[in-house]
1. When the chain is fully extended, how far beyond the present Cα-Cα distance does ASN449 get from MET318, taking 0.36 nm per residue of separation?
2. Taking 31 Å as the cut-off for C-alpha to C-alpha distance, list the pairs among LYS604/LYS725; LYS94/LYS207; LYS357/LYS383; LYS109/LYS803; LYS187/LYS253; LYS109/LYS576 that go past it.
3. Given the whole protein assembly as supplied and a 1.4 Å probe, what does the accessible area of LEU800 come to in Å², nearest 10?
4. Along Cα→Cβ, 7 Å out, is where each label goes; now give me the distance between the ones at LYS383 and ARG508 in nm to one decimal.
5. Sort 266-274, 778-786 by the packing proxy (mean of other Cβ within 10 Å over each peptide's residues), most packed first.
6. Run the accessible area of the stretch 479-589 with a 1.4 Å probe and give the carbon-and-sulfur part as a rounded percent.
7. Relative contact order, percent, of the stretch 435-501 when contacts are C-alpha pairs under 8 Å separated by at least 6 residues?
8. For SER758, SER447, give me the order by solvent-accessible area with a 1.4 Å probe, most accessible first, ignoring ligands, DNA and RNA.
Amino acid sequence: STPSENRDHNIDSIKSPIDLEFDSNASGRKYSPVDNNNGYYPTSHIVSVKSNNLAGMMASSDDDDDDGRGADICIDFGSEPCFVAVTGESGTGKSLLISKAIDLLSGGKAVASFVPQNQNKLGDISSSSSVELTVKLFEPHLSAVSSALQSVGVDPSILFQHIDNHNTVSEFDDKNKNKKHGQLHAKRILHITETGRLKSTCRINNKHLSLKSLRKIVAPLFTRVDVGIASAALGRPASRLAMIDMGVSDEVKLRCRKIREEYKEARRYTRQLKRDLESRVLPPLFEIRDSGGGFDEEQLELLEHWIDELDEFETRIMHFCGMILTQYNELLSDEYSGNTIPGRSTLTSILEKLKQKLWIEKRGISDDSSLFSILLELREEVKSVEAQLVAAQGAYDRLTSPSSPDSVVVALENVRNLLYDITRDDSGPLFDKVEETHELLNAVETSLNKCARSIDGSSDSLISVLEKVMCSGISMEMIDGIIADWNSLARKHGISPYSLPNCHASLRDELDGNVEALNILPEAENAERIALDNFSRACRELSNARVDAASALSQSVSDILPILGLEGTSFQVNMKLRQGGFNNPYYGSDSLGVDLVDFLLLHKEDNSMMIATGDESRKAQGQGGHIELVGSSGEKSRVLLAIETVLPGSIGSTCNGFDSEIESENALILPISIIYDEIDAHVGGRAAVTIAKLLAGQSRKISVDALEGAINYGVGSKMQQSIGKQIIAITHSASVAANADRHVVIERSRKRKSSSSSTFIQTRVVDGASRRKEIARMASGDLVPGEAEAFADALIRDALNQKDSFTLDPPDLRL
């Protein structure tokens, strides 16, 4: 059959570019060109990236703002997606102002060095910096961002508001509204608090939201790639598998993911039923019936006896709990009315828990929360209050008892008698001093009487408070009797006293035949087996598709490597199965299916070592082997670029930190822009030229005619996203800069008149002679400027010729 007979998209008719639309079965969303756009399909792109005081960098201007922060550094990427080269001398902050700024706006980690402290004209210290981003959104990204905004509680209509340079919001005019495109303006302000902590304030189109929400919305839209990121991506098994999955139909992946979730649910349900059965508490001597069994007459009689006995004990326990709550009702009422009595909060808490308890509760309750545990707590608290009451009475007796030789009142009387023996005179200095002492003893006696009344003698005395807590209707003997009988019954049945109510419930279920889990477990186990078989078949289908994609990727990347300066080197994708294979497929959420992927970089002399069994033990012994072990940073970057060329979106699936396993449509949307941060480092000659052309090819627009052909071959949804996206390359390569559609130069200078230690930056878009001079500088520095400019002119002319000859035919799209 031809590709058109098996296409995933149904098109009744294709009319004008405005009428052209198709459905994506994979994502369930309809995409439509919104206008002719000079015969090309419109795509989302970054309009500009701004920053202020990021790591002390500010725009070069004659005057600083009053706050000492200077003007915003604005990098303009143009009004439409294209291949943008960003150049400048080393150390001018290119990576920080673009790659790191976008990372911060994607929720990346910020450090204190990004927020230097500056002094403004008034002498105040400024300790904040900001980054912001403006993006023009078309489908499918417009719908994806709208969905993300809704998920965090933000009205998507804000995407149709215009944000000017002063952060003023206004609605798009009717003409722009009808074009069905939106604008995303993200901003993140970093500031250091008085305590020295780094804080972030985030906005989307002037709407405040959390850093987590900002990341959810912005992170899937962009991908940053540098040598370090490329090395990490190729070294992670999950990342390698995600690259292979870009060559697999979305329908196959979604079907496998859906069946996996069905299997996980069936497995979870079966495990829950088994846990319910295991949680049943039965006497050890009791023989549990199986699903088809019953009881003989002796078993039935014994079972009924046990249940009757426990029914009677349940009635006794609930009556006892009711008595307790009735006796302490006044205490609880005082607590709710705000008449709090000191020292009773613990008892009140116990009573509140007792009030909520039932004899038989949901299984799985911990021992600490059981009814038996609460009765033990009540016993200890009542015992403690009784001890407190005894101590208070003893203190009162020690203070006031006239019959106790150790009491304070007796000691006071003895002191008085001794004072009487000191003198018999009625006047004189000694008499006056004794009288003064007697007056002091009178004051002591008055204080002792007050102290005694505080302990006992008024309605709010210490003993009265404790007597209110102690209720005469419930004694320690009653509580001890209940607990003793509870323990006795538990010993009789050979179980823990905490489990006695659950044992009672389990015996009832056995007698009534209401062990639901036991009745439906066979059906649940059969459903789990069916779900496992379905998941195994889905994994096998996915694995077969991955093997095909891996084989095609191996050949295609190997064909590209020689022109990237890796002559005599081949790229091999090796597929193997996880432990358990298809019989016991892996169902974790971190990876889909049962496959593991290794990327091998093999030199020519190593190709003979390839073996069909998939044993890789000998491959790493030669000059080649696993790419994460034997590949240099430059080789990894070039391989990653080659993979992106063969499977568009591979880099976005691995390098932007966005979890492709998220169950949402956004996981199927390719990034708006890829930022290559000096991916051409350590590369020169023909390889550098090839990298430049590959980067340029990724940004080429897709015409309506080409899209129409792509739809006929069943790949329209993929081509709409993968061709014509914005490519931003931070580079020192003259070849890369010459092939760019737009060229931005970043220059660094220091204001000598300023007392600030800030670094001042100038950004400019170069064209014509200024662009030629910049490319000449990149090629030769200050050497032979005339010859260098001629060379730069040749590079630009060759790049223009390449653009004019660039075409996309439907058969190429299908391949």
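1. 42.5 nm
2. Exceeds cut-off: LYS604/LYS725; LYS109/LYS803; LYS187/LYS253; LYS109/LYS576.
3. Accessible area, nearest 10 Å²: 90 Å².
4. 3.1 nm
5. 266-274, 778-786
6. Within the stretch 479-589, the accessible surface is 46 percent carbon and sulfur.
7. That works out to 11 percent.
8. Reading off the accessible areas and sorting them downward yields SER447, SER758.
The values are calculated or read from the model by the stated rules, or taken from the named source; none is laboratory data. All values reported here derive from a predicted model rather than from experimental measurement. Here Cβ is always computed from backbone atoms with ideal geometry, including for glycine, and neighbour counts include all displayed protein chains. With ligands, DNA and RNA removed, areas are computed over all heavy atoms of the protein, side chains included. Shrake-Rupley method; radii C 1.70, N 1.55, O 1.52, S 1.80 Å.
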